[in-house]
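The values are calculated or read from the model by the stated rules, or taken from the named source; none is laboratory data. These figures come from a predicted structure and were not determined experimentally. Neighbour counts run over all protein chains shown; Cβ positions are idealised from the backbone, glycine included.
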Ligand SMILES: NC(=O)c1ccc[n+]([C@@H]2O[C@H](COP(=O)([O-])OP(=O)(O)OC[C@H]3O[C@@H](n4cnc5c(N)ncnc54)[C@H](O)[C@@H]3O)[C@@H](O)[C@H]2O)c1
């Protein structure tokens, strides 16, 4: 099939591109930058430009069967700094992309939403897909709005779609200089000999899913036949930041200094996703124990010359 990955040069996108190539698809990538950690791949077509360039987006989607949408112009923290930018650059530009998909008769849109933010403060754990959605950051509201528009476009224009709500992915090629992705940020701090900053007392708990498991879930949800449209993908296990630090000490054989700061207003204190729907409908299951994923991530960081390029 002809597929395009919007945001295909980012962390999740670059691994998705690999999986799609290995399945024999013709892969095009739309991104504003090339990959940070690898040279451009010879069998991938790159369209380099901004998601807001509607002419370029429109021409990139010609003859495409499946559109994977992984662009986000914000992360939870930055989205609250400027919600108007968050909505215009994510929700409005996605609506333009969906119009193009209808016009070009795209068979399916796969949207990577956010299991960590669309639900808001959990009533129950683990959180299943039917849990109420009351986001406490603009990023989560925009992700949810896009999900709702996907339902609307299906109703109005018969545009098929799948939504993936990942928990907290980690793994090689996650930029340790970003503000999202605590595992990579912590490992990057250790590589540089810097202290690790933890928000709150370390009791905040997250559902860390290894990138290979997330990609397996995205690909299965994209190509397997199912009546369901929205899937949580996570490890199903909650790990506190204090536990993450303990495991990171073991993996890196180091004992970094730790600085505690205040809690962040846009964070929920606990997050664990219920992934039984994906397990039942897609025959998917997370395969990578956290410790193994940490070793793989750390070893990739140690091995990879390219990490030096981003100043780590
Ligand atoms: N990493 C996480 O913790 C996480 C968790 C849940 C959901 N997600 C979602 O998954 C998707 C991918 O996340 P990621 O971690 O790979 O992020 P990333 O920042 O590594 O990748 C995003 C890519 O989008 C590109 N991009 C951003 N704005 C653009 C624009 N205006 N025009 C063109 N390209 C643009 C970036 O250049 C980057 O390559 C995002 O939609 C994100 O919201 C991420």
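Inside region 177-196, can you point out the residues that are out of contact with any strand residue (DSSP E or B) (no Cβ under 7 Å at 6 or more places or on another chain) and part of a helix (DSSP H, G or I)? Before you say what the answer is, go through the steps one by one.
First pass over region 177-196, keeping only residues out of contact with any strand residue (DSSP E or B) (no Cβ under 7 Å at 6 or more places or on another chain): 177-180, 182, 185, 187-188, 190-194.
Answer for region 177-196, where residues must be out of contact with any strand residue (DSSP E or B) (no Cβ under 7 Å at 6 or more places or on another chain) and part of a helix (DSSP H, G or I): 182, 185, 187, 188, 190, 191, 192.
Of the conditions (1) surrounded by 20 or more Cβ atoms within 10 Å (Cβ to Cβ); (2) over 24 Å from residue 109 (Cβ atoms); (3) touching a helix residue (DSSP H, G or I) at 6+ places or on another chain (Cβ under 7 Å), residue 175 clears all except one; give me its number.
Residue 175 satisfies every listed condition except (1).
Scanning region 240-262 for residues that are out of contact with any helix residue (DSSP H, G or I) (no Cβ under 8 Å at 6 or more places or on another chain) and within 11 Å of residue 190 (Cα to Cα), which turns out surrounded by the fewest Cβ atoms within 10 Å (Cβ to Cβ)? Steps first, please.
Here is the first cut: in region 240-262, the residues out of contact with any helix residue (DSSP H, G or I) (no Cβ under 8 Å at 6 or more places or on another chain) are 240, 242-243, 246, 249, 253, 257, 259-262.
Cutting the leftovers down to within 11 Å of residue 190 (Cα to Cα) gives us 249, 253, 257.
On the way: 249: 13, 253: 8, 257: 10.
Looking at the filtered set, the residue picked out is 253.
Out of curiosity, is residue 187 buried (at least 17 other Cβ atoms within 10 Å of the Cβ), within 16 Å of the ligand (Cβ to nearest atom), more than 30 Å from residue 281 (Cβ to Cβ) and over 13 Å from the mean Cα position of the chain (by Cα)? Write out each step before concluding.
Working: buried (at least 17 other Cβ atoms within 10 Å of the Cβ): yes; within 16 Å of the ligand (Cβ to nearest atom): yes; more than 30 Å from residue 281 (Cβ to Cβ): yes; over 13 Å from the mean Cα position of the chain (by Cα): yes.
So residue 187 fits the description; yes.
Tell me, please, whether a residue that is away from the ligand (no atom under 15 Å from the Cβ), assigned to a helix (DSSP H, G or I) and within 23 Å of residue 30 (Cα to Cα) can be found in region 81-91.
Of region 81-91, the ones away from the ligand (no atom under 15 Å from the Cβ) are 81, 83-84.
Still in the running and assigned to a helix (DSSP H, G or I): 81, 83-84.
If we keep only those that are within 23 Å of residue 30 (Cα to Cα) as well, we get none.
No, that holds for no residue.
Taking residue 119, is it within 15 Å of the ligand (Cβ to nearest atom), farther than 24 Å from residue 282 by Cβ and either modelled with pLDDT of 95 or more or surrounded by fewer than 22 Cβ atoms within 10 Å (Cβ to Cβ) (or both)? Spell out how you get there, then give the answer.
Working: within 15 Å of the ligand (Cβ to nearest atom): yes; farther than 24 Å from residue 282 by Cβ: no; either modelled with pLDDT of 95 or more or surrounded by fewer than 22 Cβ atoms within 10 Å (Cβ to Cβ) (or both): yes.
No.
Kindly indicate whether any position in region 46-69 is buried (at least 20 other Cβ atoms within 10 Å of the Cβ), at negative phi, within 11 Å of the ligand (Cβ to nearest atom) and in contact (Cβ under 8 Å) with a residue 60 or more places away in the chain.
yes
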